[in-house]
Amino acid sequence: MSYAVDLQGVRKEYGAVTAIDRLSLQVTPGEVIGLLGHNGAGKTTTIKLLLGMIAATQGEVRVLGQSPRGRGAKGLRMQWGYLPESVSFYEQLTGREVLKYFGRLKRVAPGEQHALLDQLGLSEAADRRVKTYSKGMRQRLGLAQALLGQPRLLLLDEPTVGLDPIATRELYETLDQLRRRGTTVILSSHVLPGIERHIDRVAILRKGALQALGTLDELRHEAGLPFTIRAKGRWQPGAWDSRLNRPGVTGYRVNGSQLEIVSGGESKMDLMRMLLADGGIHDVDVQAPSLESLYVHYNQTGEAGHA
Amino acid sequence: MHEILAVGAKEFRDGMRNRWLLAITVIFALFALGLAYFGAAASGQVGFTSLDTTIVSLASLAIFVIPLIALLLAYDSVVGEAEAGTLLLLLSYPLTRFQLLTGKFVGHAAVLAIATVLGFGVAGLVIGGETGQLLAPELWRALGFFIASAVLLGWVFVAFAYLVSVVASEKPRAAGLALVTWLFFVLVFDLGLLGLLVGAQGAISNDVFPYLLLLNPTDVFRLANLSGFEAAQAYSGLASVGAAQLFRPWLLLLVLVGWTGVTFGIAALLFQRRKP
């Protein structure tokens with residue numbers, strides 16, 4: 001099958017600096033992939049490589065089956081949408097004019113621009129100048145621009161930076177709509193909270209190298225990070241001590257009404273059965289390792305690997 | 001072509017929205033009317049008098065003002081978009097860098113041309129009306145030639161503005177470079193040439209000298225407008241060194257077209273190499 005994005009052993013050097021090193025990454029059509037990493041980890045460089053703005057020093061870059069710097073590049077440019085990091089649109093123009101300009105360049109029918117303004121909740125502000133827009137509105141305009149021509153591939157570079165929680169949620173909601181429609185999305189970010197539910201796979205970059213790649217479940221499994229289980233209820237003091245003294249449980253705290261267990265993933269189900277069988281317990285809450293802790297974990301293992 | 005026109009239309013709209021078009025038109029009209037009215041003050045009278053004097057003094061002023069306006073209009077076209085992030089975005093669109101720069105030129109060139117024609121044209125109407133020469137062909141022929149050369153001079157410096165904008169990594173630097181470009185062509189070049197002439201003590205023959213003037217587009221503009229006017233003798237300074245008779249006026253307009261083309265070409269070439 002052909003990948004939406006296919007990077008094979010890509011290396012990019014700027015003079016003596018290696019920005020990207022041995023990067024291999026395949027994205028299947030319709031997938032939403034989160035490209036995570038610190039500032040300077042190579043996220044933007046990767047996106048620029050995909051857009052054909054820079055050439056790889058080594059390795060092969062293919063986007064929608066073609067080289068982004070090859071002959072078919074113009075056709076390719078009609079099929080992708082891109083939202084650069086912290087872009088500020090022409091302040092003197094209205095939102096509608098900005099979209100019209102980009103729409104003309106992409107040869108999109110004017111009707112589609114209206115629909116996009118509608119879809120992103122910008123119809124009311126469409127005839128106001130961009131300089132009056134809030135950060136959230138600017139970002140929605142940016143997204144509208146990226147969605148011109150119903151792209152097959154969407155590249156979003158740090159779309160949530162500087163957005164308030166509501167604007168962030170709105171952006172993710174739009175993303176979910178696209179996901180349902182089958183658009184392939186590459187989303188780079190270093191703002192992790194809230195992103196989990198909206199992406200299929202995670203690629204963690206560190207110093208230009210791929211540190212981890214997989215679904216969140218796969219990464220959790222691979223990292224073996226502990227789950228935290230919290231239970232509330234009423235029980236005799238000491239009643240749980242002996243029952244929790246078992247392999248796979250690395251720690252717990254208990255008092256008369258609360259129990260907190262930290263355990264590896266493999267004994268999670270056993271513990272749950274035990275807790276649920278106890279009539280005194282009336283609330284159980286399981287916390288899988290968050291994306292943040294996975295991110296920190298993989299960055300630390302990367303650090304250790306380099307040391 | 002579609003892409004070039006799309007960019008051009010957007011730049012033109014910017015020019016309207018920023019009031020550039022209006023401002024340039026008004027400046028040109030006021031300069032022209034002011035010079036026409038007070039141009040004869042030296043001879044002890046005010047009021048609209050000689051067309052020759054008016055155009056010669058207009059040309060002397062235009063040499064300073066038009067390059068400055070053109071540079072201001074366009075110095076941030078590339079570096080400004082790079083700083084805003086829209087350049088990166090545009091480069092992901094289905095258009096080439098050459099199309100982008102050409103489109104910008106179309107837009108800026110149109111703003112300058114329309115402002116020049118309107119500004120000086122309105123001034124021409126007023127002067128014509130006041131002097132009773134409204135229908136006189138010589139007024140419009142002289143003014144028409146002046147306007148055409150002014151538009152071309154503006155275009156040359158729009159191209160220089162792109163050159164500056166492509167080379168500079170930051171907007172303030174582009175502004176500085178634009179100012180240096182302006183100073184060089186309106187001031188330093190002529191002084192340097194004079195110094196060379198004096199220093200060489202006749203080693204540079206009078207045959208070569210006029211051609212050296214062609215190396216400065218503002219001198220080309222001066223030559224084009226001062227040749228053929230008697231009133232020019234008092235004003236023309238450097239350009240009077242026998243050069244005015246050497247070149248036909250329309251040939252000098254072509255030289256300005258050449259300056260525009262070559263400068264724009266270099267800017268486009270360097271834009272191609274600029275890191276996104």
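Quick note: the coordinates plus some simple rules give every number you see, no bench work behind them. The structure displayed is predicted, hence computed values, not measured ones. Glycine gets a Cβ as well: all are built from the backbone with ideal geometry, and neighbour counts include every protein chain shown.
Need one word for segment A:124-172: rounded, prolate or oblate. Basis is the Cα gyration tensor (sqrt eigenvalues a ≥ b ≥ c); a/c below 1.5 gives rounded, then a/b vs b/c decides.
Oblate, because a/c is 1.5 or more while a/b does not exceed b/c.
Based only on the alpha carbon positions, what is the Kirkwood hydrodynamic radius of chain A, in angstrom?
Working: mean 1/r = 0.0459 Å⁻¹.
Answer for chain A: a Kirkwood hydrodynamic radius of 21.8 Å.
Which whole number gives the average count of other chain Cβ atoms within 10 Å of the Cβ atoms across peptide B:9-19?
Across B:9-19, the average partner-chain Cβ count within 10 Å equals 3.
Mind listing the long-range amide H neighbours of A:R206? Cut-off is under 5 Å, sequence gap 5 or more, other chains count too, H placed in the peptide plane at 1.01 Å from N.
Those lying under 5 Å, H to H, from A:R206 are A:Q211.
Shielding by partners for B:79-92, please: the mean number of other protein chain Cβ atoms within 10 Å of each residue's Cβ. Display every interim value, and only then the final one.
On the way: counts 0, 0, 1, 0, 1, 7, 9, 9, 2, 10, 10, 3, 7, 16.
Whole-number average of other-chain Cβ neighbours for B:79-92 is 5.
Only counting other Cβ atoms within 10 Å, I'd like B:F120, B:F184 sorted with the fewest neighbours first.
Going from sparsest to densest Cβ surroundings: B:F184, B:F120.
Suppose R0 equals 56 Å; then what is the FRET efficiency for B:R274 and A:R230 from their Cβ-Cβ distance, rounded to the nearest 0.05?
0.50
From other protein chains only, count the Cβ atoms within 10 Å of every residue's Cβ in A:85-93, then give the mean.
Across the residues of A:85-93, the mean count of other-chain Cβ atoms within 10 Å is 4.
Between A:D21 and residues 5 or more places away or on another chain, which pairs have amide H atoms under 5 Å apart, with H built 1.01 Å from N, and which residues are they?
When sequence neighbours closer than 5 places are left aside, the close amide H contacts are A:K12, A:A209.
Using a Förster distance of 45 angstrom, determine the FRET efficiency expected from the C-beta separation of A:Q258 and B:F98, and round it to 0.05.
The computed FRET efficiency comes out at 0.05.
In what sequence do A:V17, A:V202, A:V130, A:V161 fall when counting other Cβ within 10 Å, fewest first?
A:V17, A:V161, A:V130, A:V202
So what is the 222 nm mean residue ellipticity for chain A from helices alone, if each DSSP H run of at least 4 adds -39500 (n - 2.57) and you divide by all residues, rounding to the nearest 500 deg cm²/dmol? Kindly include the intermediate steps, with their values, before the conclusion.
Values: 10 runs with 103 residues, N = 307.
Result for chain A, helices only: -10000 deg cm²/dmol.
Quick check on packing: order B:173-183, A:64-74 by the mean number of other C-beta atoms within 10 Å, highest mean leading.
Peptide ranking by packing, descending: B:173-183, A:64-74.
Give me the distance between the Cα centres of segment B:66-107 and segment A:66-112, rounded to whole Å.
If we compute the Cα centre of each part, the gap is 15 Å.
Subtract the Cα-Cα distance of A:R169 and A:R128 from 0.36 nm times their separation in residues, and report this length gain in nm to one decimal.
Extra length available between A:R169 and A:R128 comes to 12.4 nm.
Which of rounded, prolate or oblate describes chain B when judged by the alpha-carbon gyration tensor and an a/c cut-off of 1.5? List each step's numbers first, then the result.
Working: a/c = 2.25, a/b = 1.38, b/c = 1.62.
Oblate.
May I ask you to list the lysines whose Cα is less than 22 Å away from that of B:K10, ignoring any residue fewer than eight positions away on the same chain?
In chain and number order, the partners are A:K74, A:K100, A:K106, A:K131, B:K104, B:K171.
Residues of segment B:130-161 with amide nitrogen under 19 Å from the 7 Å Cα-to-Cβ point of B:W250?
The answer is B:137-153.
Kirkwood Rh, Cα Rg: Rg to Rh for segment B:1-132?
Details: Rg = 18.8 Å, Rh = 16.5 Å.
Over the Cα atoms of segment B:1-132, Rg/Rh equals 1.14.
How tilted is helix B:189-200 with respect to the longest principal axis of chain B? Cα atoms for both, answer in degrees (0 to 90, nearest 10).
Helix B:189-200 and the main axis of chain B meet at about 60 degrees.
Counting DSSP beta bridges with both partners in chain A, what percentage is antiparallel, nearest 5?
The answer is about 65 percent antiparallel.
Would you mind computing, in nm to one decimal, how far apart the modelled labels at A:E218 and A:A55 are, each placed 7 Å from Cα along Cα→Cβ?
3.3 nm
Based on the mean of other Cβ atoms within 10 Å per residue, sort peptides B:188-198, B:85-95 so the most packed one is first.
My ranking of the peptides, most packed first, is B:85-95, B:188-198.
For the pair A:Q177 and A:V284, how long in nm is the line joining their label points, each one 7 Å along Cα→Cβ?
Calculated label separation equals 3.9 nm.
How do B:Y211, A:Y172, B:Y75 rank when sorted from fewest to most other Cβ atoms within 10 Å of their own Cβ?
Ordered from fewest to most neighbouring Cβ atoms within 10 Å, B:Y211, A:Y172, B:Y75 come out as B:Y211, A:Y172, B:Y75.
Using Cα centres only, tell me the gap between segment A:230-284 and segment A:1-32 in whole Å.
Rounded to whole Å, the Cα centres lie 45 Å apart.
Net charge near B:F271: determine it from the other residues with C-beta under 12 Å of the C-beta of B:F271, scoring Lys and Arg +1 and Asp and Glu -1.
Around B:F271, the surrounding residues sum to +4.
Enter the angle in degrees (range 0 to 90, nearest 10) between the Cα long axis of helix B:249-273 and the first principal axis of the Cα atoms of chain B, meaning the one along which they spread out most.
20 degrees
So for chain B, averaging the separation of alpha carbon pairs under 8 Å that are six or more residues apart and normalising by length, what relative contact order in percent results?
Worked out over chain B, it gives 27 percent.
Counting only DSSP beta bridges with both residues in the protein assembly as shown, what percent are antiparallel, rounded to the nearest 5? Spell out each step's value before the answer.
Numbers: 36 of 54 bridges.
Given both bridge residues lie in the protein assembly as shown, the antiparallel proportion sits at roughly 65 percent.
Roughly how far apart, in whole Å, are the Cα centres of segment A:171-220 and segment B:119-162?
Answer, in whole Å: 61.
Pull out the extension gain between B:I266 and B:F184, defined as 0.36 nm times the separation in residues minus the alpha carbon to alpha carbon distance; nm, one decimal.
27.7 nm
Take the alpha carbon gyration tensor of segment B:150-197, find the square roots of its eigenvalues, order them as a ≥ b ≥ c, and report rounded if a/c is under 1.5; if not, report prolate when a/b exceeds b/c, else oblate. Before the final figure, lay out the partial values.
Numbers: a/c = 3.14, a/b = 1.52, b/c = 2.07.
The shape class here is oblate.
Please find the FRET efficiency linking B:L125 to A:A115, where r is the Cβ-Cβ separation and R0 is fixed at 41 Å, and quote it to the nearest 0.05.
Between B:L125 and A:A115 the formula returns 0.30.
Using a 10 Å cut-off on Cβ atoms, rank the peptides A:248-260, A:282-294 from the highest mean neighbour count down.
Order by mean packing, descending: A:282-294, A:248-260.
Report, to the nearest 10°, how far helix B:171-183 tilts away from the longest principal axis of the Cα atoms in chain B, using its own Cα long axis and a range of 0 to 90°.
20 degrees
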